[in-house]
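The values are calculated or read from the model by the stated rules, or taken from the named source; none is laboratory data. Being a predicted model, the structure only gives us computed values, none of them experimental. Here the Cβ is made from the backbone with ideal geometry for all residues, glycine too, and neighbour counts use every protein chain on show. Just so you know, the surface numbers come from the protein's heavy atoms only, side chains and all, with ligands and any DNA or RNA stripped out. Shrake-Rupley method; radii C 1.70, N 1.55, O 1.52, S 1.80 Å.
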Amino acid sequence: MRFCVFSKHFQALNFKELGRTLRNLGINGVDLTVREGGHIEPAEAKERLPEAAEALKENGVEITMITTNITSIDSPSAREILETSAKLGIKYFKFGYFLYSGFGNLKRDIAEARAKLKSLEPLCLQLGIKGGYHNHSGDFLGASVPHILKMIEDCNPECIGVYYDIGHATIEGGYSGWRMNLEEIADRLFIVAAKDLAFVPREGGDWRWRVEVVPLGDGLVDWKGFIRCLKAIGFNGPFSIHSEYNLPVEKVI
(Lines give C-alpha, C1' and ligand atoms only; values in the text may rest on other atoms or scores of the structure.)
Protein backbone atom coordinates (compact mmCIF):
# COMPACT_ATOMS: atom_id res chain seq x y z
CA MET A 1 0.00 0.00 0.00
CA ARG A 2 1.11 3.56 -0.71
CA PHE A 3 0.44 5.62 2.42
CA CYS A 4 -0.50 9.28 2.04
CA VAL A 5 -2.17 11.98 4.11
CA PHE A 6 -5.29 13.82 2.96
CA SER A 7 -4.40 17.52 2.84
CA LYS A 8 -7.84 19.01 3.59
CA HIS A 9 -7.06 19.80 7.22
CA PHE A 10 -3.47 20.85 6.48
CA GLN A 11 -4.45 23.69 4.17
CA ALA A 12 -3.05 26.33 6.53
CA LEU A 13 0.38 25.07 5.42
CA ASN A 14 2.04 26.06 2.17
CA PHE A 15 3.59 23.34 0.02
CA LYS A 16 7.05 23.52 1.62
CA GLU A 17 5.60 23.52 5.14
CA LEU A 18 3.37 20.60 4.20
CA GLY A 19 6.35 18.68 2.87
CA ARG A 20 8.40 19.25 6.03
CA THR A 21 5.45 18.30 8.24
CA LEU A 22 4.80 15.03 6.43
CA ARG A 23 8.50 14.18 6.40
CA ASN A 24 8.63 14.68 10.16
CA LEU A 25 5.60 12.42 10.55
CA GLY A 26 7.36 9.72 8.55
CA ILE A 27 4.90 9.90 5.65
CA ASN A 28 6.20 10.34 2.11
CA GLY A 29 2.93 10.86 0.25
CA VAL A 30 0.07 13.36 0.12
CA ASP A 31 -3.50 13.21 -1.16
CA LEU A 32 -3.64 16.80 -2.38
CA THR A 33 -6.91 18.75 -2.69
CA VAL A 34 -7.28 20.22 -6.18
CA ARG A 35 -10.79 21.60 -5.98
CA GLU A 36 -12.68 24.73 -5.03
CA GLY A 37 -11.40 25.89 -1.65
CA GLY A 38 -8.59 23.31 -1.68
CA HIS A 39 -4.82 23.61 -1.69
CA ILE A 40 -5.09 24.30 -5.44
CA GLU A 41 -8.06 25.85 -7.24
CA PRO A 42 -9.06 23.93 -10.40
CA ALA A 43 -8.34 26.85 -12.74
CA GLU A 44 -4.79 27.13 -11.31
CA ALA A 45 -3.90 23.44 -11.56
CA LYS A 46 -1.81 23.72 -14.73
CA GLU A 47 0.58 26.18 -13.06
CA ARG A 48 0.37 25.26 -9.38
CA LEU A 49 0.40 21.44 -9.45
CA PRO A 50 3.98 21.38 -10.82
CA GLU A 51 4.92 24.00 -8.21
CA ALA A 52 3.43 21.82 -5.46
CA ALA A 53 5.13 18.67 -6.74
CA GLU A 54 8.53 20.37 -6.77
CA ALA A 55 8.17 21.90 -3.30
CA LEU A 56 7.02 18.61 -1.78
CA LYS A 57 9.77 16.66 -3.55
CA GLU A 58 12.38 18.77 -1.74
CA ASN A 59 11.26 16.99 1.44
CA GLY A 60 10.97 13.55 -0.14
CA VAL A 61 7.16 13.71 -0.42
CA GLU A 62 5.26 12.73 -3.56
CA ILE A 63 1.72 13.60 -4.62
CA THR A 64 0.29 10.09 -4.45
CA MET A 65 -3.19 11.17 -5.58
CA ILE A 66 -5.38 14.24 -5.89
CA THR A 67 -8.87 14.90 -4.57
CA THR A 68 -11.06 16.76 -7.09
CA ASN A 69 -14.65 17.77 -7.79
CA ILE A 70 -14.51 16.27 -11.28
CA THR A 71 -17.69 14.39 -12.18
CA SER A 72 -17.67 14.60 -15.99
CA ILE A 73 -15.53 15.71 -18.90
CA ASP A 74 -17.39 19.04 -18.69
CA SER A 75 -16.40 19.74 -15.07
CA PRO A 76 -14.41 23.01 -14.72
CA SER A 77 -10.75 22.51 -15.71
CA ALA A 78 -11.17 18.70 -15.74
CA ARG A 79 -8.92 18.20 -18.77
CA GLU A 80 -6.20 20.53 -17.51
CA ILE A 81 -6.18 18.94 -14.04
CA LEU A 82 -5.91 15.38 -15.34
CA GLU A 83 -3.41 16.17 -18.09
CA THR A 84 -1.15 18.01 -15.66
CA SER A 85 -1.44 15.20 -13.11
CA ALA A 86 -0.49 12.60 -15.67
CA LYS A 87 2.55 14.61 -16.78
CA LEU A 88 3.70 14.73 -13.15
CA GLY A 89 3.27 10.99 -12.70
CA ILE A 90 0.19 11.30 -10.46
CA LYS A 91 -1.81 8.21 -11.39
CA TYR A 92 -4.86 8.42 -9.12
CA PHE A 93 -7.62 10.94 -8.50
CA LYS A 94 -10.83 11.11 -6.52
CA PHE A 95 -14.01 12.09 -8.34
CA GLY A 96 -16.48 14.64 -7.02
CA TYR A 97 -19.89 13.60 -5.69
CA PHE A 98 -23.37 13.05 -7.04
CA LEU A 99 -26.29 13.69 -4.69
CA TYR A 100 -29.30 11.46 -4.10
CA SER A 101 -32.23 13.67 -5.14
CA GLY A 102 -34.88 11.96 -3.02
CA PHE A 103 -37.04 8.87 -2.71
CA GLY A 104 -38.32 7.66 -6.06
CA ASN A 105 -35.37 9.08 -8.03
CA LEU A 106 -32.57 6.61 -7.32
CA LYS A 107 -32.57 4.78 -10.66
CA ARG A 108 -32.63 8.05 -12.58
CA ASP A 109 -29.86 9.52 -10.39
CA ILE A 110 -27.64 6.48 -10.95
CA ALA A 111 -28.24 6.53 -14.72
CA GLU A 112 -27.30 10.22 -14.93
CA ALA A 113 -24.16 9.66 -12.85
CA ARG A 114 -23.18 6.67 -14.98
CA ALA A 115 -23.34 8.75 -18.17
CA LYS A 116 -21.23 11.53 -16.68
CA LEU A 117 -18.54 9.17 -15.37
CA LYS A 118 -18.49 7.36 -18.70
CA SER A 119 -17.67 10.67 -20.42
CA LEU A 120 -14.29 10.70 -18.63
CA GLU A 121 -13.26 7.24 -19.78
CA PRO A 122 -11.49 8.22 -23.06
CA LEU A 123 -9.34 10.89 -21.39
CA CYS A 124 -8.45 8.66 -18.44
CA LEU A 125 -7.45 5.82 -20.76
CA GLN A 126 -5.41 8.17 -22.92
CA LEU A 127 -3.54 9.56 -19.91
CA GLY A 128 -3.18 6.29 -18.00
CA ILE A 129 -4.81 7.78 -14.90
CA LYS A 130 -7.29 6.07 -12.55
CA GLY A 131 -10.35 7.73 -11.02
CA GLY A 132 -12.01 6.39 -7.87
CA TYR A 133 -15.57 7.19 -6.79
CA HIS A 134 -15.81 7.71 -3.03
CA ASN A 135 -18.56 6.22 -0.86
CA HIS A 136 -19.81 8.96 1.46
CA SER A 137 -22.53 8.42 4.06
CA GLY A 138 -25.72 10.44 3.96
CA ASP A 139 -27.55 11.72 0.88
CA PHE A 140 -24.75 10.94 -1.55
CA LEU A 141 -24.96 8.44 -4.38
CA GLY A 142 -22.71 5.59 -3.36
CA ALA A 143 -23.57 5.76 0.35
CA SER A 144 -24.76 2.22 -0.36
CA VAL A 145 -21.48 0.96 -1.78
CA PRO A 146 -22.91 -1.54 -4.32
CA HIS A 147 -24.64 1.39 -6.04
CA ILE A 148 -21.18 2.57 -7.11
CA LEU A 149 -20.85 -0.60 -9.17
CA LYS A 150 -24.07 0.36 -10.98
CA MET A 151 -22.66 3.84 -11.57
CA ILE A 152 -19.43 2.52 -13.12
CA GLU A 153 -20.67 -0.71 -14.72
CA ASP A 154 -20.30 0.69 -18.26
CA CYS A 155 -16.85 2.17 -17.58
CA ASN A 156 -13.52 0.55 -18.37
CA PRO A 157 -12.22 -1.12 -15.16
CA GLU A 158 -8.69 -0.08 -16.07
CA CYS A 159 -9.40 3.58 -15.40
CA ILE A 160 -12.63 4.04 -13.42
CA GLY A 161 -13.18 2.29 -10.11
CA VAL A 162 -13.97 2.65 -6.41
CA TYR A 163 -12.45 4.77 -3.65
CA TYR A 164 -13.51 2.81 -0.55
CA ASP A 165 -13.88 4.74 2.69
CA ILE A 166 -14.05 2.30 5.61
CA GLY A 167 -15.44 4.94 8.00
CA HIS A 168 -18.40 5.88 5.84
CA ALA A 169 -18.87 2.23 4.82
CA THR A 170 -19.15 1.25 8.49
CA ILE A 171 -21.66 4.00 9.28
CA GLU A 172 -23.89 2.85 6.40
CA GLY A 173 -22.89 -0.83 6.45
CA GLY A 174 -23.32 -1.69 10.11
CA TYR A 175 -21.88 -4.78 11.71
CA SER A 176 -20.78 -6.78 8.65
CA GLY A 177 -22.20 -4.87 5.69
CA TRP A 178 -18.89 -3.03 5.23
CA ARG A 179 -17.10 -6.38 4.83
CA MET A 180 -19.56 -7.77 2.28
CA ASN A 181 -19.53 -4.49 0.35
CA LEU A 182 -15.73 -4.49 0.24
CA GLU A 183 -15.75 -8.03 -1.11
CA GLU A 184 -18.32 -7.08 -3.74
CA ILE A 185 -16.28 -4.15 -5.09
CA ALA A 186 -12.83 -5.73 -4.58
CA ASP A 187 -12.02 -6.16 -8.27
CA ARG A 188 -12.79 -2.46 -8.93
CA LEU A 189 -10.98 -1.10 -5.86
CA PHE A 190 -8.41 1.62 -6.62
CA ILE A 191 -8.05 3.70 -3.43
CA VAL A 192 -8.78 3.33 0.30
CA ALA A 193 -9.56 6.04 2.87
CA ALA A 194 -8.55 5.48 6.49
CA LYS A 195 -11.15 7.32 8.54
CA ASP A 196 -12.99 6.44 11.75
CA LEU A 197 -16.53 7.62 12.50
CA ALA A 198 -18.87 7.42 15.46
CA PHE A 199 -22.44 8.30 16.34
CA VAL A 200 -22.54 10.97 19.02
CA PRO A 201 -25.60 12.59 20.67
CA ARG A 202 -26.67 15.99 19.48
CA GLU A 203 -26.47 18.91 21.88
CA GLY A 204 -29.53 20.39 23.55
CA GLY A 205 -31.38 17.17 24.24
CA ASP A 206 -32.20 16.49 20.59
CA TRP A 207 -33.01 12.78 20.35
CA ARG A 208 -31.24 12.36 17.02
CA TRP A 209 -27.60 11.32 16.77
CA ARG A 210 -25.01 12.87 14.51
CA VAL A 211 -21.97 11.37 12.81
CA GLU A 212 -18.55 12.65 13.82
CA VAL A 213 -15.04 11.89 12.56
CA VAL A 214 -12.92 10.63 15.48
CA PRO A 215 -9.28 9.53 15.84
CA LEU A 216 -8.53 6.13 14.35
CA GLY A 217 -9.48 3.46 16.87
CA ASP A 218 -11.98 5.62 18.76
CA GLY A 219 -14.91 4.95 16.42
CA LEU A 220 -16.88 2.06 14.98
CA VAL A 221 -14.38 0.76 12.43
CA ASP A 222 -13.02 -2.78 12.89
CA TRP A 223 -9.46 -1.89 11.91
CA LYS A 224 -7.93 -5.33 12.38
CA GLY A 225 -10.72 -6.93 10.37
CA PHE A 226 -10.42 -4.29 7.66
CA ILE A 227 -6.66 -4.72 7.27
CA ARG A 228 -7.10 -8.50 7.08
CA CYS A 229 -9.58 -8.01 4.24
CA LEU A 230 -7.23 -5.67 2.37
CA LYS A 231 -4.44 -8.22 2.67
CA ALA A 232 -6.76 -10.99 1.49
CA ILE A 233 -7.62 -9.14 -1.73
CA GLY A 234 -4.04 -7.99 -2.28
CA PHE A 235 -4.83 -4.28 -2.23
CA ASN A 236 -1.78 -2.22 -3.23
CA GLY A 237 -3.08 1.25 -4.09
CA PRO A 238 -3.12 4.59 -2.27
CA PHE A 239 -4.11 4.40 1.41
CA SER A 240 -5.22 7.93 2.26
CA ILE A 241 -5.14 8.79 5.98
CA HIS A 242 -7.82 11.31 7.00
CA SER A 243 -7.77 13.58 10.05
CA GLU A 244 -10.94 15.66 9.71
CA TYR A 245 -11.20 16.68 13.35
CA ASN A 246 -12.00 20.40 12.87
CA LEU A 247 -8.99 21.38 14.95
CA PRO A 248 -6.16 23.87 14.35
CA VAL A 249 -3.50 22.36 12.12
CA GLU A 250 -1.05 22.03 15.04
CA LYS A 251 -3.56 19.82 16.86
CA VAL A 252 -4.22 17.79 13.74
CA ILE A 253 -0.50 17.14 13.37
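Under the √(5λ) rule applied to the eigenvalues of the Cα gyration tensor, what semi-axes describe the equivalent ellipsoid of the stretch 109-179? Give them in Å, descending.
Working: eigenvalues 113, 32, 15 Å².
Over the Cα atoms of the stretch 109-179, the semi-axes work out to 24, 13, 9 Å.
How large is the dipole of the chain about the Cα centre if only Lys and Arg carry +1 and Asp and Glu carry -1, each at its Cβ, rounded to the nearest 20 debye? Write out the running numbers ahead of the final one.
Working: 30 positive and 33 negative charges, 80 e Å.
It works out to roughly 380 debye.
Write down the accessible area per residue of the stretch 1-96 in Å², having rolled a 1.4 Å probe over the full set of protein chains. Before the final figure, lay out each step's value.
Values: 4150 Å² over 96 residues.
Heavy-atom accessible area per residue stands at 43 Å².
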Quick check: Cα centre of the stretch 57-85 to Cα centre of the stretch 191-253, how many Å? 24
Work out the FRET efficiency for Glu183 and Phe3 from their Cβ-Cβ distance, taking R0 = 22 Å, and round it to the nearest 0.05. 0.45
Here Rg/Rh (Cα, Kirkwood) for the chain equals 0.95
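Would you mind giving the average projected area, over all directions, of the Cα convex hull of the stretch 164-219 in nm² with one decimal? Please list the in-between numbers first.
On the way: hull surface 17.2 nm².
The orientation-averaged projected area of the Cα hull of the stretch 164-219 comes to 4.3 nm².
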Give me D for the stretch 1-117 in µm² s⁻¹, whole number, from Stokes-Einstein with Rh from the Kirkwood sum over alpha-carbon pairs, 37 °C and 0.692 mPa s. 218
How big is the accessible area of Glu172 in square angstrom, nearest 10, if you roll a 1.4 angstrom probe over the protein chains? 90
Tell me, what is the 1.4 Å probe accessible area of Arg208, in Å² to the nearest 10? 110
Size-normalised alpha-carbon gyration radius of the stretch 112-253, reference 2.2 N^0.38 Å: 1.13
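Ignoring everything except DSSP H segments at least 4 long, calculate the 222 nm mean residue ellipticity for the chain; use -39,500 (n - 2.57) per segment, divide by total residues, nearest 500. List each step's numbers first, then the result.
Values: 10 runs with 93 residues, N = 253.
Helices in the chain give a 222 nm mean residue ellipticity of -10500 deg cm²/dmol.
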Per-residue SASA entry for Tyr100, accessible area with 1.4 Å probe, Å² rounded to 10: 70
Could you pull the Cα extents of the stretch 171-253 along its three principal axes, largest to smallest, in whole Å? 45, 33, 20
